[in-house]
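Accompanying notes for the structure given below.
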Amino acid sequence: MKILLVCYGGLSTSILVNNMKKVINESEKFRDRGIVIEAWGKEDYAFHLNECDCILLGPQVSMIKDDVERVV
């Protein structure tokens, strides 16, 4: 499973991605499931949609939710 986290600039989001990866690696249930998490900025996320299974929006980009839904 590949998770795409859409962010504004990527600074604070990288902290979230690292924390999510840490939780996955420490979890017996999810550790060996091949879960990949990537963060992309609001200008670049559309180029990576075909590669992902789940899209999450950071709170700082909640204003583009409708645009993301249209693109997806």
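The values are calculated or read from the model by the stated rules, or taken from the named source; none is laboratory data. Predicted model only: the values in this text are computed from it and were never measured. Note that we place each Cβ from the backbone using ideal geometry, even for glycine, and neighbour counts take in every protein chain shown. We work out accessible area using only protein heavy atoms, side chains counted, and drop any ligands, DNA or RNA first. Shrake-Rupley method; radii C 1.70, N 1.55, O 1.52, S 1.80 Å.
Express the accessible area of the chain per residue in Å², computed with a 1.4 Å probe while the remaining protein chains stay in the model.
Heavy-atom accessible area per residue stands at 71 Å².
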With +1 on the Cβ of every Lys and Arg and -1 on the Cβ of every Asp and Glu, the dipole magnitude of the chain about its Cα centre, in debye rounded to the nearest 20, is 220 debye
Straight-line reach from residue 42: which aspartates and glutamates have Cα under 15 Å away, leaving out those fewer than 8 places along the same chain?
-> 66, 67, 69
Cα-based Kirkwood hydrodynamic radius, the chain, one decimal, Å = 12.6 Å
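Leaving out ligands, DNA and RNA, what percent of the accessible area of the chain is carbon and sulfur, probe 1.4 Å?
Roughly 54 percent of what the probe reaches on the chain is carbon or sulfur.
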How large is the helix-only mean residue ellipticity at 222 nm for the chain, computed as the sum of -39500 (n - 2.57) over DSSP H runs with n ≥ 4, divided by its residue count, in deg cm²/dmol to the nearest 500?
-> -10000 deg cm²/dmol
In terms of Cα to Cα distance under 14 Å, which aspartates and glutamates are near enough to residue 65, apart from those fewer than 8 places away along the same chain?
-> 43
